[in-house]
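Asks: Quick one: the structure is below, and I'll ask about it shortly.
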Amino acid sequence: MPINLSTLDSSQIQDHLKNHSLKIGVVGIGRIGLPTALCFANAGFETIGIDINEKLVNMVNSGNYPLKDEPEFDKIFENVIENKKFRAETNIEKVVPNCDIILLSLPTPMNNQNIPDYTALLTVGKNLNGLLSNGQIVIVESTVEPGFIENELLKSIEGSEKNLISGKDFHLAVCPETANPGEIMHDFKKLPRLVGSIDENIRPIVSDLYTNVFGVELIPMPNCKTANAVKLTTNVFREINIGFINELSLLFEKLGIDTYTVIEAAKSKYNFQPHYPGPGVGGPCLPVNAYQYLNSSKKIDVNFLKIVQDARKINEFMPQHVIDLLADAFSETNNSLENSTIAILGISYKPNVHDVQIAPSETIIKLLKEKNVNLKIFDPYFHSETVFGYKVEKSITDALIDTDAIILVTGHDEFDELNLKSLFDTMKTPILVDCTGKILPKDAKSIGLIFRGIGRGDHF
């Protein structure tokens, strides 16, 4: 029988936390959910991960850690598996009735109309309707638009007949995750968390729980929708600033100004926050979060957030700009872009992670296919895998042999020390388009490369 924490006083709750006598269920053990579950298990709580991905569940239960690009979690994984503090299940019905705390760490993707898709959360909400009892606490870590918890998820859990009542049979709270892929452990240890709830008396309990596990500041929010608004605001702020820099880079290319030189000098002003140009904005957060805010605006039939719309348009245009730079470089040769062989270096949506969700590389590849080019792909995080319909080459050398041009898309650390001269020697045509800012135009030109770089106004 789950412990009804809402009926306990503060000292009793602290006893449960100290003794690790609470059982935790984490629904969704993907990129964020699994590290979250591991942290709870590592803190001493019996933790069960729940996921519909049978392959992932079997992998976890076999002791194989799936997130190779997340530092520090591999040792924690080994420890909690060995100590039997963590396991995974596919059947939510087996787990939830016996848990005191249920965390929801589920994806919130977009559909093909760029409308946020909350199907996973709402489906789990309906499942919880028949499983919750005795005041269990459900905590949503997924990023959702303001009002979704109150207007949709709460109703889904309570059921159309309201056979469950929030504040009595269960409690609903939010604690949005704030971690960046590839840096999750660092962010879990350092970044404050937001906590909001439907029932005000539950908020301190959730705060105490997360403080016990993560040791970070918990910032109380007046309600769930405010907490969700804060999370969206921080991410969309970045989206807008990246859009601004991307648009500036388009201008600076025409004016013969190097964007990176401008940014480095601008950093000397104490309140300037540097952002850098690139081939677009990808991943499961920033593009989705922008559309979540835009969706909120549409729901109330008000055309707010034009600046968000404009930033999204600019960032979505950048893959096309990459193709335009490539075509301009080809104009210096006797060769045609059509039917050429192009090498793509880096396909992850950001450096140093194994993740291609909404990656700009996908759009770049699609645009190149429309021009009937032959493509070769290399990414150190995708050795010998098939991605976007192409087999990833085993090495840079394999990718560059007999190519007409290179597009450096993702700035993995492995590309920091590229030997430009050796690249030149393996290629048919010495063309390099840099989307990362890693290559200095003068270095490329010094060895005879035809160079183009996003925001590099001195490359013509």
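Asks: Kindly indicate the residue of region 38-56 that is of a type outside the set (S, T, N, Q) and more than 24 Å from Pro2 (Cα to Cα) and also surrounded by the most Cβ atoms within 10 Å (Cβ to Cβ) among those meeting that condition.
Replies: Leu56
Asks: Need a quick list: strands (runs of 3 or more DSSP E) entirely within region 130-235 having at least 2 residues that are of a type in the set (A, V, I, L, M, F, W, C) and closer than 27 Å to Val95 by Cα.
Replies: 136-140, 170-174, 193-197
Asks: Within region 329-344, identify whether any single residue is within 19 Å of Phe378 (Cα to Cα) and either under 23 Å from the mean Cα position of the chain (by Cα) or assigned to a helix (DSSP H, G or I) (or both), and answer yes or no.
Replies: Scanning region 329-344, I find at least one residue that is within 19 Å of Phe378 (Cα to Cα) and either under 23 Å from the mean Cα position of the chain (by Cα) or assigned to a helix (DSSP H, G or I) (or both), so the answer is yes.
Asks: Considering only region 300-312, how many residues are without any contact (Cβ under 8 Å) to a residue 24 or more places away in the chain and out of contact with any Ser or Thr (no Cβ under 6 Å at 6 or more places or on another chain)?
Replies: Selection size over region 300-312: 6.
Asks: Among (1) surrounded by 20 or more Cβ atoms within 10 Å (Cβ to Cβ); (2) of a type in the set (Lys, Arg); (3) at pLDDT below 95, there is one condition Lys168 misses while meeting the rest; what is its number?
Replies: Every condition holds for Lys168 apart from (1).
Asks: Then there is this: Tally time: how many residues in region 121-155 are small (Gly, Ala, Ser) and closer than 18 Å to Leu232 by Cβ?
Replies: Adding up the residues that qualify gives 2.
Asks: May I pose another question? If only one of Lys269, Lys254, Lys313 is of a type in the set (Lys, Arg), surrounded by fewer than 23 Cβ atoms within 10 Å (Cβ to Cβ) and not in a helix (DSSP H, G or I), which one is it?
Replies: Just a single option satisfies the conditions, and that option is Lys269.
Asks: Still on this structure, I have one more. Within the group Glu152, Glu72, which residue is assigned by TED's automatic domain parsing to the domain that holds Cys175, in contact with a helix residue (DSSP H, G or I) (Cβ under 9 Å, 6 or more places away or on another chain), touching a residue at least 40 places away in the same chain (Cβ under 8 Å) and among the acidic types (Asp, Glu)?
Replies: Unique residue meeting the criteria: Glu72.
The values are calculated or read from the model by the stated rules, or taken from the named source; none is laboratory data. Computed from a predicted model, the values in this text were never measured in an experiment. When we count neighbours, we look across all protein chains shown, and the Cβ atoms used for this are built from the backbone with ideal geometry, even at glycine.
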